[in-house]
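Chemist: Once you've had a glance at the structure underneath, I'll fire off some questions.
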Amino acid sequence: MGMDLLVLHTVGRRTGEPRQSPVTWFDDGDGARLIIASGGGDQNPDWDANLMAAPDQASMELPGQNAVAVTPRRLEGPERERAWQRIVEAQPRYAKYQQKSDRQYPVVRLTPR
């Protein structure tokens, strides 16, 4: 579908077991990536809750590379809006997808540690 994917490594908040989730990413400079917790339905995907519950155990894996530890940060307010505009300019389907939901999709910045 013309989008870049990374594998997000998290730890299950209830089980403590390793989890891997393929997610779309958008470049945010300095090696950072933006990811969207869109999932499906009325709630954020499980990877989002796992990521926020154990942010110190998160890493991202790009195709052909080893996983790199990251610091996740949920964007809020004007910072989120600026990031969201860049995302929907690059992939307008996200704006259409967002319109079908009553919740605002979280945007998370992953910064390599």
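The values are calculated or read from the model by the stated rules, or taken from the named source; none is laboratory data. Every value quoted in this text rests on a predicted model; they were computed, and no experiment measured them. So basically every Cβ, Gly included, is an ideal-geometry build from the backbone, and we count neighbours across all protein chains shown. Surface accessibility is based on the protein's heavy atoms, side chains included, excluding ligands, DNA and RNA. Shrake-Rupley method; radii C 1.70, N 1.55, O 1.52, S 1.80 Å.
Chemist: Pairing the Cα long axis of helix 77-90 with the longest principal axis of the chain, what angle in degrees results, from 0 to 90 and rounded to the nearest 10?
Modeler: Orientation of helix 77-90: about 80 degrees from the principal axis.
Chemist: Please find the FRET efficiency linking residue 69 to residue 103, where r is the Cβ-Cβ separation and R0 is fixed at 35 Å, and quote it to the nearest 0.05.
Modeler: Values: r = 29 Å, r/R0 = 0.83.
Efficiency for this residue pair is about 0.75.
Chemist: Roughly how many percent of the accessible protein surface of the chain is carbon and sulfur, given a 1.4 Å probe and a whole-percent answer?
Modeler: Values: 3110 of 6580 Å².
It is 47 percent, rounded to a whole number.
Chemist: Which whole-number value in Å² is the accessible area per residue of the chain, probe 1.4 Å? Kindly include the intermediate steps, with their values, before the conclusion.
Modeler: Numbers: 6580 Å² over 113 residues.
With all protein chains present, the chain gives 58 Å² per residue.
Chemist: Using the crude model of +1 on Lys and Arg Cβ and -1 on Asp and Glu Cβ, and no other charge, please compute the dipole size for the chain relative to its Cα centre, in debye to 20.
Modeler: Values: 15 positive and 15 negative charges, 32 e Å.
The calculated dipole for the chain is roughly 160 debye.
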